[in-house]
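Accompanying notes for the structure given below.
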Amino acid sequence: MDGDLYGPAAALYDQLHVGPASPLLVEFFAELAPEGGHALEFGPGTGRVTLAVAERSASVHCLEPSPSMRTVLLTKLAALPHLRERVTVLDGAAPEFRLGPAFDYVYLAAVLEHIPPPARRPFFGAVAAHLAPDGVLAMDMVDDEPVPDEPEREIRSVRQGECRYSRSTAVWPLGPDLAGVRHVYRTYLGEELMATETVERLHHFHRPPDVHADLEAVGLAAVPGPLTDKGTLIARRAHSHGVPGAAPTPGSAHREER
């Protein structure tokens with residue numbers, strides 16, 4: 001492996017990782033984007049949320065550390081000339097970043113799992129420094145779900161010509177808010193296994209009270225919003241009002257990969 005955790009999966013990521021709840025989450029992030037505003041996205045991946053936000057925004061700056069994911073996103077943008085001037089794709093990542101302008105909207109979809117809890121407050125502080133006075137911060141993966149312990153099983157597969165591509169995943173607890181994750185990608189030609197690639201990484205869990213406390217420490221506050229049963233959270237500056245038309249929805253979270 002060359003250090004790009006998404007390298008083995010990028011080309012087929014939308015087929016092998018995107019679950020049935022994805023359209024709801026894409027809609028959640030897109031509808032929060034102010035018309036004609038300026039947005040900042042962390043970890044756009046293949047751009048499922050990026051493209052929807054860009055349709056509403058004057059500009060979207062994307063920070064993506066994976067070269068493979070940047071390639072997929074840029075390939076999609078090449079087929080959408082009307083968005084090409086709006087979307088800037090940069091090599092970068094949370095929690096360390098530095099950009100010049102203030103943004104009306106900052107969001108991270110299926111990215112919080114990559115940020116260790118001790119880095120969360122400094123990251124929120126950096127976001128607050130880049131957020132316009134009436135700006136909005138949105139994220140998911142904020143929930144009270146227990147750390148899972150699941151043996152490897154095939155999650156999804158897709159056929160392309162005579163090949164079948166599959167992803168199997170195992171998850172195991174490493175602590176109260178930390179899990180190990182193993183993805184195994186297999187390529188079959190007919191019934192013959194042609195290639196296997198394995199990626200292991202950490203998954204950090206972020207609990208609502210801790211996230212709220214870190215937001216408050218940097219002058220941000222959570223406000224009512226939709227899809228909290230999917231682990232979503234919306235925040236604004238503590239002096240701002242809530243998002244118009246949003247109502248809280250109770251329930252346990254269901255995570256989607258980015």
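For the stretch 153-216, list the strands (runs of 3 or more DSSP E) that sit wholly inside it and hold at least 3 residues that are in contact (Cβ under 8 Å) with a residue 40 or more places away in the chain; which are they?
Answer list for the stretch 153-216: 163-175, 192-204.
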Exercise for the section: Output the number of the condition that V72 fails; it satisfies all remaining conditions of (1) crowded, with 20+ Cβ neighbours inside 10 Å; (2) within 14 Å of the chain's Cα centre (by Cα); (3) in contact (Cβ under 8 Å) with a residue 40 or more places away in the chain. Expected result: (2)
Exercise for the section: Evaluate the stretch 77-88: report whether one residue or more is buried (at least 17 other Cβ atoms within 10 Å of the Cβ) and closer than 30 Å to P176 by Cβ. Expected result: no
Fill in the blank from the handout: Counted residues in the stretch 126-178 being in contact with a Gly (Cβ under 7 Å, 6 or more places away or on another chain) and either under 30 Å from A238 (Cβ atoms) or among the polar types (S, T, N, Q) (or both) come to 5
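Report yes if G47 is buried (at least 21 other Cβ atoms within 10 Å of the Cβ) and either more than 23 Å from P133 (Cα to Cα) or polar (S, T, N, Q) (or both), otherwise no.
Working: buried (at least 21 other Cβ atoms within 10 Å of the Cβ): yes; either more than 23 Å from P133 (Cα to Cα) or polar (S, T, N, Q) (or both): yes.
Yes: the conditions hold for G47.
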Exercise for the section: Examine the stretch 115-125 for a residue that is in the same structural domain as P34 (by TED's automatic domain parsing), surrounded by fewer than 13 Cβ atoms within 10 Å (Cβ to Cβ), over 21 Å from L233 (Cα atoms) and out of contact with any Lys or Arg (no Cβ under 9 Å at 6 or more places or on another chain), and state whether such a residue exists. Expected result: no
Handout entry: Number of positions in the stretch 5-30 that are surrounded by 15 or more Cβ atoms within 10 Å (Cβ to Cβ) and either out of contact with any helix residue (DSSP H, G or I) (no Cβ under 8 Å at 6 or more places or on another chain) or not hydrophobic (A, V, I, L, M, F, W, C) (or both)
Key = 11
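Find the residue count for the stretch 44-79, including only residues that are small (G, A, S) and closer than 15 Å to D14 by Cβ. Break it down stepwise before answering.
Just the residues of the stretch 44-79 that are small (G, A, S), to begin with: 45, 47, 52, 54, 57-59, 66, 68, 78-79.
From what's left, closer than 15 Å to D14 by Cβ: 45, 47, 52, 66, 68, 79.
Result for the stretch 44-79: 6.
Does P148 satisfy the condition of being modelled with pLDDT of 95 or more and either of a type in the set (F, W, Y) or more than 21 Å from P118 (Cβ to Cβ) (or both)? Steps first, please.
Working: modelled with pLDDT of 95 or more: yes; either of a type in the set (F, W, Y) or more than 21 Å from P118 (Cβ to Cβ) (or both): yes.
Yes: the conditions hold for P148.
The values are calculated or read from the model by the stated rules, or taken from the named source; none is laboratory data. Just so it is clear, the model here is predicted, and its values are computed rather than measured. So basically every Cβ, Gly included, is an ideal-geometry build from the backbone, and we count neighbours across all protein chains shown.
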